[in-house]
Amino acid sequence: MVTTVCGYCGVGCRLEHNTAIPTNKTIHPFEKGMVCAKGSSSLASVDLPSRLRSPSILEDGFKPISWDAAIATIAQKIKAAPPHRIGFYLSGQLLTEDYYVANKLGKGFIGTNNVDTNSRMCMSSAVVAYKKVFGVDYVPVRMDDLQTCDLLILAGANTAEAHVVLNSKIKKEKKRGLKTVVIDPRRTATALQADLHLQIFPGTDIDLLNLVAQRLIRDEKFDKTFTQEHTQGFESYRANMDKLDPSVLHKRCGIDTQQFETFIQLLYANENIISAWTMGLNQSVQGVDKNLALINLHLLTGKINRAGNGPFSLTGQPNAMGGREVGGLSSMLAVHLDFDEDAIKKVSAFWHTEKIDPTPGMTAFEMIEAAERGELDLLIISHTDPVYHLPNRHRVEKALKKVPFIVEINAYDDSETKPFAHLRLPAAPWGEKEGTQTNLDRTVTRQEKLRAPSFDAKPDWQIFAMIGERLGFSEAFHYRSAAEVFEEFKTMTKLSQDGHLDIYKLDPSTLQEEPYVWGKDLFSDHRYHTPTGRANFFFVENNGLSEQTAPDYPFILLTGRIRDQWHSGTKTAHVDKLHKHKPLSFVEINTDDAAALGVADGGDVIIKTRRGSLTLKAKVTDTIQQKVLFIPVTERKLNYLTNDLLDPMSKEPDFNHSAATLSKA
Ligand code: SF4
């Protein structure tokens, strides 16, 4: 029996695997036995025939190449390119050790800060918002808090489909008396189980949240002591809130006064309140502002940093949080440090390097823009599929064609990025590598190797270390195991501001038995890591920056996950038992809209945006509002439609708001 952790989502269930008779069950984070279909099918993904088997290089088609020659080629390309024209694109599915070595190589030794991750696409808005409010990137809620929570507000989060085991826990707590409110333009499976569903118009979350804030202030239901003693900027926030016209906000978000009143009374009647969110807030041209609007409510009520309360960003990928800890976003250097003089000095001394550039690097889509201008010479992609998941795919494809050399490190062969790669390296997937990952509530767990890597695959950390050694940095990259890498990372966390990222206290020998939670009780005394020690209020408004509908594009297209499937379906779409809930590809359209257009359920329709078009099967339903469409992310061509507007602070794309039109095929 091996105890490991699921590699699919941010809940981070610990699994017991019997490798002799392939079975598994969860033993964490909740009681034994809870496991979702993705987690229980983990083993099946390791043996898929679509595994990438050996290194290959593009020479009149992909030709086999030895590891040694492949690494030598990459080293030569790195040496030939100016550092600012080199990019790394990492993944929330990498282990912390993989992230650490890639980040050290790029930022510490090659001298490029263009080391970004696909987590940029899902939770960078939450990172920026937490940092603005608390001074550091810190999720102040744990899943256990649900046990003492009275009211859970889920905003733009469909836990019933995307965080299934967490959702089972929510359902269990509902039997105890937990009330749930769902804010979502779709009547999702999560909304169906809620006490109240606020079906707002797409893109109006800030309007609704500001309405709530305004009402709390007007009813004097805010926590005066908390706002006075532990926050900053309240008076200006209050003055701005006072200027908003509630009738305008009501009209924009489409919530009638009775429903709003029910929501307000739930807020007043319940002592302990958690709000949780995912892509519905984050993936927006105002993603940071949407996060701030929600966090403001917790500052206003003082329902934060005490059991059963707080603003809870739910990460989608298994190790998105670990990537943040390491510094795998181009906007941070390492261990939650930015690019200020003091941080660079400390990190340079730790890594024994003088190569760190003081300018933050390019984010994911900024690298695409650089490629478009012919300013990116080398792109190293690890464990992710940017051609599939970046917005405005026609633009992405055109840009990537201009990059002279693209390295794709991947465990599976059937990526959408493959046609753009020049060198492909087989990475070890879940089950064939070991290391650590951090789930959505700061819990560090160990992923165990169930068997040795198949074929010619290697763990990503080892591939990056080989590149480092080949570049001549032998001492800095001579790791013999993932454990050695972790030890170094662990020590480095002491450099974090006031040591708040206290992974250095972790004893790896006990991690198998007991997961480790970093930052326990941080801020329990309400001393925040801002210069004043107070949490910051930021007044935000809905600026209507998303793509506007027009007579020829009258619909708003939303995107999201569906149950039992993972991203493009590279792993899950090939496992038969995961297909029982929904097909992988469809477009949801409202019943009245379908009738007006003569569209039948299951009929072929063409969805068009200003960037591209797709033909899909229509799913006619009342769960979606009129003039709104939904396509799941398992549709691999979805991003030919989406727009590439970015949040100006987090650089996260506005995946959930593209103007579209639909017609019968
Ligand atoms: Fe894995 Fe997430 Fe399912 Fe848990 S809820 S078993 S972590 S996919």
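Each Cα pair under 8 Å and six or more residues apart adds its separation to the average, and for the chain the resulting relative contact order is 21 percent. Of the beta bridges in the chain, as assigned by DSSP with both residues counted there, near 45 percent are antiparallel. Residues whose amide H comes within less than 5 Å of that of LEU198, counting only those at least five positions distant or on another chain, are VAL182, ILE183, ASP184 (H built at 1.01 Å from N in the peptide plane).
Shape class for segment 140-247: oblate, because the ratio a/c of the largest to smallest gyration tensor axis (alpha-carbon atoms, square roots of eigenvalues) is 1.5 or more and b/c is at least a/b. The Cα center of segment 628-665 and the Cα center of segment 457-522 differ in position by 36 Å. Karplus-derived 3J(HN,Hα) values for segment 177-187, using 6.51 cos²θ - 1.76 cosθ + 1.60 with θ = phi - 60°, are x, 4, 9, 10, 10, 10, 10, 6, x, 10, 7 Hz; glycine and proline are entered as x.
Stokes-Einstein, applied to the Kirkwood radius of the chain over Cα pairs at a viscosity of 1.002 mPa s and 20 °C, places its translational diffusion at 85 µm² s⁻¹. With the simple spin-label model, which puts each label point 7 Å out from Cα in the Cβ direction, the ASP622 to ASP456 separation comes to 5.9 nm.
Close amide-amide hydrogen proximity is noted between LEU558 and LEU629, PHE630, ILE631, each under 5 Å apart and 5 or more residues distant or on a separate chain (H modeled in the peptide plane; Pro and chain starts excluded). The separation of segment 330-359 from segment 41-93, counted between C-alpha centres, amounts to 27 Å. Work out the charge dipole of the chain with +1 on the Cβ of Lys and Arg and -1 on the Cβ of Asp and Glu about the Cα centre, then indicate which of TYR388, GLY323, THR572 is farthest towards its positive end. Value: THR572.
Based on the Cβ-Cβ distance from ASP340 to LYS175, what FRET efficiency comes out when R0 is 51 Å, to the nearest 0.05?
0.55
In terms of packing, defined here as the mean over residues of other Cβ atoms within 10 angstrom, the peptides 599-609, 117-127 line up highest first as 117-127, 599-609. Direction-averaged projected area, Cα convex hull, segment 99-202: 8.8 nm², rounded to one decimal. Helical content of the chain, expressed as a calculated mean residue ellipticity at 222 nm, amounts to -8500 deg cm²/dmol (DSSP H runs of 4 or more residues, -39,500 (n - 2.57) each, divided by residue number, nearest 500).
Note on ARG561, ARG393: ascending count of other Cβ atoms within 10 Å places them as ARG561, ARG393, the fewest first. Oblate is the label for segment 331-485, because a/c, from the alpha-carbon gyration tensor with a ≥ b ≥ c as root eigenvalues, is 1.5 or above and a/b does not exceed b/c.
Name the shape class, rounded, prolate or oblate, that the alpha-carbon gyration tensor gives for segment 419-560, where a ≥ b ≥ c are the square roots of its eigenvalues, rounded holds for a/c under 1.5, and otherwise prolate holds if a/b is larger than b/c and oblate otherwise. Cα axes put segment 419-560 in the oblate bin. Under 18 Å between alpha carbons, and skipping anything fewer than 8 positions from LYS169 in its own chain: which lysines qualify? Leaving aside lysines fewer than 8 places away in the same chain, those within reach of LYS169 are LYS25, LYS32, LYS38, LYS179.
Any of LYS303/LYS433; LYS132/LYS637; LYS418/LYS651; LYS131/LYS401; LYS171/LYS290; LYS132/LYS174 with alpha carbons more than 30 Å apart? Name them for me.
Distance filter (> 30 Å) returns LYS303/LYS433; LYS132/LYS637; LYS131/LYS401; LYS132/LYS174.
Residues whose amide H comes within less than 5 Å of that of ASN410, counting only those at least five positions distant or on another chain, are HIS383, LEU425, ALA427 (H built at 1.01 Å from N in the peptide plane).
The numbers here are math on the coordinates, done by the rules we state, and not lab data. Predicted, not measured: the structure shown is a model, and the values here were computed from it. Cβ: placed from backbone, ideal geometry, glycine included. Neighbour counts: every protein chain shown.
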